[in-house]
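Chemist: One structure, as structure tokens, below. Some questions next.
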Amino acid sequence: MLEWKEEWAYEGGVTAAGLYHAGSMLSDDSQGDAEDDSLVMLVTDTNEGEYKAYLEKLCGTGFEKVFENHTAAVDCCQLKKEDALLYAYYTRARGEVRVIEDRASTALPEFSNTYEFASPQNTPDSAAACEGGESAEIYQYGLYYDPRNGHSPTTTNCGMFYIIRLSDNRLVMIDGGDCMQCSVEALEGMYRFLRRITGTAEGEKIHIAAWFFTHAHGDHVAACIRLLRTYPESFELQRVMFNFPSYHVRPGDKEALVLKETLREYCPDVKCLKLHNGQTVTLANVRFDVLYAQEDAISSEDMSRFPLGDFNCTSVILKMTTGNGTVLWLGDTNVETEALVAETVPAALWKADVVQVAHHCFNFLSRLYPLIDADYAMLPNSYYGGHTVENLDKLADVLNCLSSPDNIWYEDKTTGFRFQDGAYRVILEEPRVGGEHDGVDLYGVKREIL
């Protein structure tokens, strides 16, 4: 049984009964608690003064602040003491504090490779670290989608895969599609594409600065599993960052367990970061700001469960800054998350130049898209999938916010972008590689298609 230490108790407010188990990073937590499971203490009816007094108390016991950030939504802090790592944040709109015992993460100054923590009086501005310099290249990688916007034994109508090339030629990968989109032909196409955009010759490793997974659904993790297992000598994966809920509290797809198994086996030295609200990560010329993670939704009414009904609401929301532009990565964010973040994250923090359309355009976000107010959009679905009768009204929510209805791109082909001269410029367009699935599973084994 994982328990909260008495010396970490919060003074003031109302501390919820029990702890929320927020899940492991790389361990298999499908059978129960894991050693790297993160525990969350929730305090309601508190205030900023009590929160600051709590941080002072922790520092008085030997903790050191290694990261601080102060936004219009949260006041947050990461503290370290020997092997203990705590992340605390105060949600201004609700007068709530969450304190997370993070048993898996690398401390933020070590994880974020260009960030230097100076002092509470010299914390980084949320955009300044990467704003105004050279823009990263952003690729919406083409995947095969069911031509009838449905599912079959060899096709799917969901999945998403994005690739970011940093100024130092490393990559940041986002999600990775479904196994149905990772046939041998498709996988070879991914591999050749990564070598081509980085100019990396055979025999040299492709350096991946970080792989970010929005949530633990199978249509968002397959490419990572298949690439690492198929080309084990070709990649150096330096970091992974995500926030999957505990499998025994709120199970995701079994593919997420295969992902963790693959990372344990093929990347034993990878740095891990469990993403939490208010964190910032800077990698070369890209900065990521966390606007929402799953523990933001927990309620004192029942700390044993994730209270939102749709598992897609465990999707982390990141705002990315590079060059003179910003991108909002929504994963599969759904309406329950929208209702929460519209209340807790002020409008000024949502504004972005580009939005990744949430959940393959399967649900409405009628409040959130106007807050983001993007001029451009990237939709992780086919053109056909976005324009089916059941999705047209949802697509209209996005299109109505764009500066032009033509400023949207679909993922049934590969498109590359860069922020340049005040616009989101297309720098590459090419056809998708690969079609229907060939029966090769995540482990590379050929299975009979039923």
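Chemist: Give the long-range amide H neighbours of residue 277: residues separated by 5 or more places, or on another chain, with amide H under 5 Å away, using H modelled in the peptide plane at 1.01 Å from N.
Modeler: Placed amide hydrogens put 293 under 5 Å from residue 277.
Chemist: Taking 41 Å as R0, compute the FRET efficiency from the Cβ-Cβ separation of residue 254 and residue 389 and round it to 0.05.
Modeler: 0.80
Chemist: Restricting to the chain, what percent of DSSP beta bridges are antiparallel, rounded to 5?
Modeler: 75
Chemist: Next question, about the same structure. Is there a quick way to get the dipole size of the chain? I mean about its Cα centre, with the Cβ of Lys and Arg at +1 and of Asp and Glu at -1; what is the value in debye to the nearest 20?
Modeler: Dipole of the chain, to the nearest 20 debye: 720 debye.
Chemist: To two decimal places, what compactness ratio does segment 228-368 give when its Cα radius of gyration is scaled by 2.2 N^0.38 Å? Each step should come with its number before you reach the end.
Modeler: Values: Rg = 16.3 Å, N = 141, 2.2 N^0.38 = 14.4 Å.
After normalising by residue count via 2.2 N^0.38 Å, the value is 1.13.
Chemist: Further question: Largest first, what is the accessible-area ranking of 5, 394, 65, 446 with a 1.4 Å probe?
Modeler: Heavy-atom accessible area, descending, gives 446, 5, 65, 394.
Chemist: Could you please state how large a percent of the accessible area of the chain is carbon and sulfur, counting protein chains only and using a 1.4 Å probe?
Modeler: Working: 7730 of 16580 Å².
Carbon and sulfur: 47 percent of the exposed surface of the chain.
Chemist: Now for a different question. Please compute the length gained on full extension between residue 185 and residue 204, using 0.36 nm multiplied by the number of residues separating them and subtracting their Cα-Cα distance. Can you show the working numbers first?
Modeler: Numbers: separation 19, 0.36 × 19 = 6.84 nm, distance 2.17 nm.
That works out to 4.7 nm of additional length.
Chemist: Taking each pair of different alpha-carbon atoms in segment 158-289 once, compute 1/r for the pair, average those values, and report the inverse of that mean as the Kirkwood hydrodynamic radius in Å to one decimal. Can you show the working numbers first?
Modeler: Numbers: mean 1/r = 0.0662 Å⁻¹.
Taking every pair of different Cα atoms in segment 158-289, averaging 1/r and inverting gives 15.1 Å.
Chemist: Per residue of the chain, what 222 nm ellipticity follows from adding -39500 (n - 2.57) for every DSSP H run with n ≥ 4, rounded to the nearest 500? Provide the component values of the computation, followed by the final result.
Modeler: Working: 10 runs with 88 residues, N = 450.
Result for the chain: -5500 deg cm²/dmol, rounded to the nearest 500.
Chemist: 7 Å from Cα along Cα→Cβ at both residue 81 and residue 447: what's the point-to-point distance in nm?
Modeler: 4.8
Chemist: Turning to a different aspect of this structure: State which entries of 205/254; 254/394; 351/394; 80/351 exceed 23 angstrom in Cα-Cα distance in the structure shown.
Modeler: Pairs exceeding 23 Å: 205/254; 254/394; 80/351.
Chemist: Here's a follow-up. Straight distance only, please: which lysines reach the Cα of residue 81 with their own Cα at less than 23 Å, same-chain residues fewer than 8 apart left out?
Modeler: Within the straight-line cut-off, residue 81 pairs with 5, 52, 57, 65, 271, 274.
Chemist: If you average the C-alpha positions of segment 170-209 and of segment 261-297 separately, how far apart do those two centres end up, in angstrom?
Modeler: Value for the Cα centre distance between the two parts: 20 Å.
Chemist: Given R₀ = 60 Å, what would the calculated FRET efficiency be for residue 229 paired with residue 47, taking r from the Cβ atoms and rounding to 0.05?
Modeler: It comes to 0.75.
Chemist: Report, in whole Å, the centroid distance computed from the Cα atoms of segment 38-74 and segment 401-435.
Modeler: Cα centroid to Cα centroid, the span is 41 Å.
Chemist: Which whole number in µm²/s is D for segment 1-91 by Stokes-Einstein, with the Kirkwood Rh taken over Cα pairs at 20 °C and 1.002 mPa s? If you can, show how the numbers build up before the last one.
Modeler: Working: Rh = 14.3 Å.
Reported coefficient: 150 µm²/s.
The values are calculated or read from the model by the stated rules, or taken from the named source; none is laboratory data. This one's a predicted model, so the numbers in the text were calculated from it and none came from an experiment. All Cβ positions, even for glycine, are placed from backbone atoms using ideal geometry, and neighbour counts span all protein chains on display. For accessibility, only protein heavy atoms count, side chains too; no ligands or nucleic acids. Shrake-Rupley method; radii C 1.70, N 1.55, O 1.52, S 1.80 Å.
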